[in-house]
Protein chains: 2
Amino acid sequence: MGITIEDQRLDAMFTALSDPTRRDIVVRLSAGEATVKELAEPYAMSMQAVSQHIRVLERSGLISRGRHRQTRPCRLEPAALEAAVSWIEESRRTWSERMDRLETHLACLQKGANQ
Amino acid sequence: MGITIEDQRLDAMFTALSDPTRRDIVVRLSAGEATVKELAEPYAMSMQAVSQHIRVLERSGLISRGRHRQTRPCRLEPAALEAAVSWIEESRRTWSERMDRLETHLACLQKGANQ
DNA sequence: GGGGTACTCAAGCATCTGCTTTATCAAGCG
DNA sequence: CGCTTGATAAAGCAGATGCTTGAGTACCCC
């Protein structure tokens, strides 16, 4: 079993979220759509740099873009965010359940020893 | 408001999860503790390389390590995974709620127009 | 058409990553 | 004691990433 499509999508999503500027863009887009210029405004970097960040987010599927006059409004894609959450949750849940079973098992052993 | 400690933690976590080998290690650790050698076995790379991946995961807080004889067993830290999930969920929920309100608003306008 | 606005493309550059190889170290065993 | 095992440290290298500047491109208004 090699590298799957799903792997590549997760790569792209987590890579996109690993940069503080891009995470900030995601947070700001959760408050509503915005253009590249609007998104670039608060950062101490060129609009081209922000445009590149947006491209990373777009290619990861975390955001999508429309066309309106000469602007390219960006919007969040909650389904992609949900996919990332699902992946993490599965590992977390599996481990936690394992811990619960272990505790139960230890409790059983303890009970047996006391009787 | 500059770069916070929380930002740095999220950086480390999402960076750690952006590599397929490291994600695979996380999945495998969700099934139980493992040593560096055990984790390295299935991959076509040196144990040193895997050791470096594990270090990235450890520094991100996603895993922790013990000492047992000459091994350094790795275990998942579900609390850190939960922190990553929480961050994503907040953005996703905010956007989704916004969409719901928008739909409600549009429905109200529609209703008003029909009457 | 000219000029401004919003944005993308492309090249260049410093830094970071992922991996290698070699060397080192600590723990356990003959 | 020497030898093996599990793991880390350090140095080096090809390729990726984040940013810059300069040059387009597409749209809109006068």
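The values are calculated or read from the model by the stated rules, or taken from the named source; none is laboratory data. Here the structure is a predicted model, which is why all the values come from computation and not from measurement. In this analysis, Cβ positions are derived from the backbone assuming ideal geometry, glycine residues included, and neighbour counts consider all displayed protein chains.
Kindly provide the set of residues from segment B:58-95 that are more than 25 Å from A:ARG98 (Cβ to Cβ) and crowded, with 16+ Cβ neighbours inside 10 Å, ordered by number. I'd like the intermediate steps shown before the answer.
Step one: list which residues in segment B:58-95 are more than 25 Å from A:ARG98 (Cβ to Cβ), which gives B:70, B:90-95.
Matches in segment B:58-95: B:SER91, B:ARG92, B:THR94, B:TRP95.
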Requested in this report: Mind telling me which of the residues B:ARG98, B:ARG93, B:ARG65 ends up being more than 22 Å from A:THR94 (Cα to Cα) and either at pLDDT 95 or above or under 21 Å from the mean Cα position of the chain (by Cα) (or both)?
Outcome: B:ARG93
Report task. Enumerate the pairs (first residue in segment B:63-91 and free of Cβ contacts under 8 Å to residues at least 40 places away in the same chain; second residue anywhere and within 16 Å of DNA strand D (Cβ to nearest atom) and among the hydroxyl-bearing types (Ser, Thr, Tyr)) with beta-carbon separation below 6 Å, excluding pairs fewer than 6 apart on the same chain, so at least 6 apart or on different chains. Result -> B:THR71/B:THR35; B:GLU77/B:SER64
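To keep it simple, each residue is scored yes or no on (1) β-branched (Val, Ile, Thr); (2) modelled with pLDDT under 95; (3) closer than 29 Å to B:GLN70 by Cβ.
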| position | (1), (2), (3) |
| --- | --- |
| B:GLY2 | no, yes, no |
| B:ILE5 | yes, yes, no |
| B:PHE14 | no, no, no |
| B:ASP24 | no, no, yes |
| B:VAL36 | yes, no, yes |
| B:ARG55 | no, no, yes |
Report task. Scan segment B:22-59 for residues that are more than 10 Å from every other protein chain (Cβ to nearest Cβ) and either at positive phi or of a type in the set (Ser, Thr, Tyr) (or both) and jot them down. Result -> B:THR35, B:TYR43, B:SER46, B:SER51
